[in-house]
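Below is one structure, written out as structure tokens; the observations come after it.
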Amino acid sequence: MLIRNFIFWLSTKRGVTDRIARHGMKNGFARRFVAGESLEEALTASQELCSQGRNVSLNHLGENVTSEAAAREVRASYIRMVEELHAKNLTGNISIKLTQLGLDINKDLCRSTAREIAARAAALGRTIEMDMEGSVYTDATLDIFESVQQELGNCGLAVQAYLFRTEKDLHRLAPIKPKIRLVKGAYRESPKIALQKKSDVDANYQKLTTLLLEGAAQGTFLPAIASHDWNMVAHAQAEAARLKLDKSRYEFQMIYGIRRDLQEQVHSAGDTLQVYVPFGTDWCPYFMRRLSERPANCWFVLRSLMAESGSASRQPAA
């Protein structure tokens, strides 16, 4: 926890994040977790994954736009992402963040832009998924998701196992039969609203996994078990076997570059695996969150930065 908090603290230091952003793509260490800075790079990575039998979910990194014009620009970029996936016949969808679509500015604006993206995806026979952000956005995200899903029926939603409220939220969503991406949660939340101990989060994740898979057996949910923890994956596979679920009724989701060994195991078992493929110039905050989740990843960054610094110190003066 101390290491995780330290990395969060570092992520607020402009000098640190600027240095990482300046050298991350050039030195290659950011590409372990980020497909690139452009959509074209993300599509190239997606083509490789799809050729291996994986599905993809494109994620254009960035958060909290501050103008209506910026929100509409992001909307257009999301629509282009859907159209490019379709044009290249790639199996998968896109993941959207509502704070990129004006949620901080106006809830109705956000609902409208999200709906337009979902409508274009529906016209192409595609789906979208909505990310869940910090807890201050949970209620608004649920409202917008319900509205768009009830109208168009092609939306999925991420929910966070560490929030006390999540089980109640799932019961609320059950009538609209949604796809649900179950994650543990990557934001720093108060003990008043979120579980803090890993063992407690793990126990609740398993409980919610069972709830979702039992719902899948009843036709209520399409669960996406989004975890890089072997114990969570094994629990989901055991529950799916107990319920005799057809493999089309659930899937696993993992993030580009993380636990590639486990990704291969899940795929080899015949389970559907969707890989979350992030890209964009605003990748550093996302990258720092990935480091905080698995601090051992820091060594990739530190070794690369030290190598770069050493090389620079040996260069002759201009």
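The values are calculated or read from the model by the stated rules, or taken from the named source; none is laboratory data. None of the values given here were measured: they were computed from a predicted structure. Heads up, the Cβs are rebuilt from the backbone with ideal geometry, glycines too, and the neighbour counts pull from every protein chain shown.
Between a first residue in the stretch 269-286 that is closer than 15 Å to ALA224 by Cα and part of a strand (DSSP E or B) and a second residue that is at pLDDT 95 or above and among the aromatic types (Phe, Trp, Tyr), which pairs have beta carbons less than 8 Å apart while being 6 or more apart in sequence or on different chains?
LEU273/PHE252; GLN274/PHE252
Taking only the stretch 45-81 into account, find how many residues are charged (D, E, K, R), more than 29 Å from SER268 (Cβ to Cβ) and part of a loop (DSSP other than H, G, I, E, B).
1
Give me the pairs, please: first residue somewhere in the stretch 16-43 and modelled with pLDDT under 60 and buried (at least 20 other Cβ atoms within 10 Å of the Cβ), second residue anywhere and part of a helix (DSSP H, G or I) and charged (D, E, K, R), beta-carbon distance under 9 Å, and either six or more positions apart or on two chains.
Listed by first residue and then by second, the contacts come to GLY24/ARG31; PHE29/ARG303.
Within the stretch 186-195, is there a residue that is part of a helix (DSSP H, G or I) and either touching a residue at least 60 places away in the same chain (Cβ under 8 Å) or within 14 Å of PHE252 (Cβ to Cβ) (or both)?
No - not one qualifying residue is present in the stretch 186-195.
Could you run through the stretch 67-121 and say how many residues are farther than 15 Å from SER57 by Cα and in contact with a Lys or Arg (Cβ under 7 Å, 6 or more places away or on another chain)?
Qualifying residue count, the stretch 67-121: 3.
Could you list, in sequence order, all residues of the stretch 159-179 that are aliphatic (A, V, I, L, M) and under 18 Å from HIS228 (Cβ atoms)? Quick ask: steps written out before the conclusion?
From the stretch 159-179, those aliphatic (A, V, I, L, M) are 159, 161, 163, 170, 173-174, 176; that's our starting set.
Selection gives VAL159, ALA161.
Would you say ASN93 is closer than 23 Å to ASP282 by Cβ and out of contact with any Phe, Trp or Tyr (no Cβ under 9 Å at 6 or more places or on another chain)?
yes
Return only the number of the condition from (1) closer than 23 Å to GLN52 by Cβ; (2) at pLDDT 60 or above; (3) surrounded by fewer than 20 Cβ atoms within 10 Å (Cβ to Cβ) that LEU245 does not satisfy.
Result: LEU245 fails condition (1) only.
Would you confirm, using the coordinates I've provided, whether ASP261 is surrounded by fewer than 20 Cβ atoms within 10 Å (Cβ to Cβ), assigned to a helix (DSSP H, G or I), within 20 Å of the chain's Cα centre (by Cα) and modelled with pLDDT under 95?
Judged against the criteria, ASP261 is a match.
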